[in-house]
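Student: Pasting in a structure now, in structure tokens, and then I'll have a few things to ask.
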Amino acid sequence: MKLNVLLAVLVVAGASVAQGFKLCNQKAPGTFVRDPLHCDEFFMCRDGRPVRFSCPGGMNYDASTNTCGYGVFCDNTDQSWQLDENDLMTQYVPIETSPPLLDAVSGVCLGARLGSIRPDTKGCEAFYQCAGAGAIRFECPAGTAFDSNRLYCEVTDIASCSYAPPPQQQQQQPQHPSNLLHVLCFGKQIGLKYPHPMNCSQYVQCDGRNKAILFNCPRGTAFDRVRKVCGFSSSVSC
């Protein structure tokens, strides 16, 4: 009798810790599977422990599109899957993650079909799910990174990430301009900037004492006379 009660308790407890492993059994890494007990959660299947993700507030997971969405009907009492004694041998606790972020104005999903997965454009720690409401940013768990080739969270040491940080730009060093450039700053207040009259990739900044300080824009950029900053040459009128 005690054994039966204990087994029943383990089955109930195992429902919350083993379901990710059970649902991902024989699923390819990177497959998304809805949590049958929580409408707003889903699993990312992978080698080893699956990853549990939550949809943004007010959204449920839509298994037909593999995305989180508003107004998605969901029955969180789905018991179509079953546990067996082997599932109770080891507790495959899903890896929990940080809350997601809905970015309705991000262009990362432009032209992508519903349900597409896109790498984060600013690093390897996250990915975007292209949903009807916009791009949803999900962070991979600690110790993993998003593999941009296989499209799932993988151990950091072996993950393939397409993100490359921009090269560090050398700090702009002021130069001594010709006397003709000082005329631009005669009687002008400190900090005012003016484009170089002969070189689009240079500008001068007034020091408040009728002197001009000459600066070079980083490679590939030119001085924008409207915004008073260096911008990409292709978008600057010079």
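We did not get these values from a lab; they are worked out from the coordinates using the rules stated. Since the structure is predicted, the reported quantities are computational estimates derived from the model, not experimental observations. Because the Cβ atoms are built from the backbone with ideal geometry, glycine has one as well, and the counts that use them run over all protein chains shown.
Student: Starting from the Cα of K211, draw a straight line to each of the lysines and keep only those under 27 Å, dropping any in the same chain fewer than 8 residues away.
Tutor: Filter leaves K188, K193, K228.
Student: Give me I213, I136 sorted ascending by neighbouring Cβ count inside 10 Å, so fewest comes first. All intermediate terms of the calculation are to be shown ahead of the outcome.
Tutor: Working: I213 17, I136 24.
Listed from fewest to most nearby Cβ atoms, that is I213, I136.
Student: For S160, S148, what's the fewest-to-most ordering of other Cβ within 10 Å of each Cβ?
Tutor: On the way: S160 12, S148 17.
Fewest-to-most Cβ neighbours within 10 Å comes out as S160, S148.
Student: Right, something else. V229 versus V183, label points 7 Å from Cα toward the beta carbon: distance in nm?
Tutor: 3.1
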